């Protein structure tokens, strides 16, 4: 993978990670068109996801500092544990994030090889983009946004995140859409969707780094990964910033048309082209 390809794929990841149009699906289609090897694509995808993870950490730095402060106080003052769990919003949010991780951890650990095989089938990815479009489109008919996140909702959103492990199913699209279907407040469901992915991507990155440490990387591949990381980090930060504004003011159903067009064109091209 040369530097230009790395820059292009990193840009694709950064711009599409937070938009509800499936960054993994775009990477699969782009890697196929660029004739990249799937094994390299899996490693590259994790690295550029880590770039967008860093953009989340920067964007939500104040919220994360507040959460860490509350958790530290909880550890240092265990006698007040019950009271903090009931009343501290940061502690409750941390618990909801942990609950949301359960489905993704189970599916990620048990279906990794099957999922990697899906990465090799761009026609199937294109079909999943069409499914994503349907998920987004029907949010158009939701008009009540009154509920806040709780334990059951966080588990259901975690299921949506686990479902989005399939390339072509947008993680942000499926989690935010489900939150809207449950009448959650727009900004709250968006914030929860992006905060809940931090430990998931971080864990995936750690596992991949352990694999890489065993097999090593060539100097050319290392440079490509660095370029992809930096590109996805910078573009991802600005995409996240403006998606929050768009979601609050307009909604996400407009992205359905893009997913449908790309999915149909991609399926026809890869299946019959």
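The values are calculated or read from the model by the stated rules, or taken from the named source; none is laboratory data. Note that the coordinates shown come from a computational prediction; the quantities given were computed from them, not determined experimentally. For neighbour counting, all protein chains shown are included, and Cβ atoms are generated from backbone atoms with ideal geometry for every residue, glycine included.
Candidates in segment 89-108 are the residues that are within 12 Å of residue 155 (Cα to Cα) and in contact with a helix residue (DSSP H, G or I) (Cβ under 7 Å, 6 or more places away or on another chain); of these, the one that is modelled with the lowest pLDDT is 104. Filtering segment 147-184 to residues that are in contact with a strand residue (DSSP E or B) (Cβ under 9 Å, 6 or more places away or on another chain), on the phi < 0 side of the Ramachandran plot, surrounded by fewer than 20 Cβ atoms within 10 Å (Cβ to Cβ) and touching a residue at least 40 places away in the same chain (Cβ under 8 Å) leaves only 148. Within the span defined as segment 151-162, one or more residues are touching a helix residue (DSSP H, G or I) at 6+ places or on another chain (Cβ under 9 Å) and closer than 15 Å to residue 18 by Cβ.
Is it fair to say residue 71 is over 20 Å from residue 165 (Cα atoms), touching a helix residue (DSSP H, G or I) at 6+ places or on another chain (Cβ under 7 Å), at pLDDT below 85 and surrounded by fewer than 18 Cβ atoms within 10 Å (Cβ to Cβ)? No; evaluated as a whole, the condition is false for this residue. Of the residues making up segment 253-265, at least one is under 22 Å from residue 5 (Cβ atoms) and surrounded by 17 or more Cβ atoms within 10 Å (Cβ to Cβ). On the stretch given as segment 167-182, residues that are part of a helix (DSSP H, G or I) and farther than 19 Å from residue 16 by Cβ total 4. Looking only at segment 238-247, decide whether some residue is in a helix (DSSP H, G or I) and over 25 Å from residue 145 (Cβ atoms). Yes, some residue in segment 238-247 is in a helix (DSSP H, G or I) and over 25 Å from residue 145 (Cβ atoms). If you go through segment 199-210 and keep only what is surrounded by fewer than 17 Cβ atoms within 10 Å (Cβ to Cβ) and either closer than 27 Å to residue 145 by Cα or in contact (Cβ under 8 Å) with a residue 12 or more places away in the chain (or both), you end up with 199, 202, 203, 205. Checking each residue in segment 139-150 for being in contact with a helix residue (DSSP H, G or I) (Cβ under 7 Å, 6 or more places away or on another chain) and at pLDDT below 90 picks out only 145. Applying the condition of being exposed (fewer than 14 other Cβ atoms within 10 Å of the Cβ) and assigned to a helix (DSSP H, G or I) to segment 218-237 and asking which residue is nearest to the chain's Cα centre (by Cα) yields 222.
Check whether at least one residue in segment 183-193 is over 14 Å from residue 49 (Cα atoms) and part of a loop (DSSP other than H, G, I, E, B), and report yes or no. For segment 183-193, residues over 14 Å from residue 49 (Cα atoms) and part of a loop (DSSP other than H, G, I, E, B): present.
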